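Notes follow the structure.
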Amino acid sequence: MAKRKDPADFWREYEERIGEPVLAYNLGRYIRGWDELDTPLWGLLIVSGGGFRFHHFPHESWLEVLSRTTSGGEAPKEKPIFIPKERLIDAELRVEKSWWKQILIAQPPLLAVRCLAESGNETAVLAETERKASVLVQRLRELIKK
């Protein structure tokens, strides 16, 4: 049986890998707003000392591995997004306030990170997340003010 990795070890290694501290994180599902990613993906929403990150960690089921190895396909690759703090404009957590819409049309909160794209145009990276992502938004806003 495989040994589970301690979350503290994961975050320590992640900080070493990116070379800056992780200030907040949450699980989320990227929806749109980044040219290099054209499909919704699950991953980690991360505020680090240098900006905002979305990090999708690839995974495969045993059936996908078998199919890929027999057909000669490539293993899935990590799909990270990094927006330096200098290009961040604002962040907000959009939560449905109407109780009847919450019941009838249940949708997770939407994280909207407004930023300047490489082209210089303003854009927004959108991701579904959970209500406790308000801490992530708070850290992003603090980072933007610095």
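General observations
- Applying the criterion of being at pLDDT below 90 and of a type in the set (A, V, I, L, M) to the residues of region 42-69, the residue that is least open to solvent (accessible area, probe 1.4 Å) is 65.
- Residues that are within 18 Å of residue 39 (Cα to Cα) and open to solvent by 30 Å² or more (accessible area, probe 1.4 Å), drawn from region 125-135: 128
- Extreme residue, least open to solvent (accessible area, probe 1.4 Å), among residues of region 11-41 that are part of a helix (DSSP H, G or I) and acidic (Asp, Glu): 15
- Among the residues here, residue 102 qualifies as modelled with pLDDT under 70 and closer than 30 Å to residue 142 by Cα.
- Top-ranked residue in region 111-120 [being within 21 Å of the chain's Cα centre (by Cα) and at pLDDT below 95; ranked as least open to solvent (accessible area, probe 1.4 Å)]: 117
The values are calculated or read from the model by the stated rules, or taken from the named source; none is laboratory data. Remember, predicted model here, so these are calculated numbers, not experimental data. Protein only, heavy atoms only, side chains kept; ligands, DNA and RNA dropped before computing areas. Shrake-Rupley method; radii C 1.70, N 1.55, O 1.52, S 1.80 Å.
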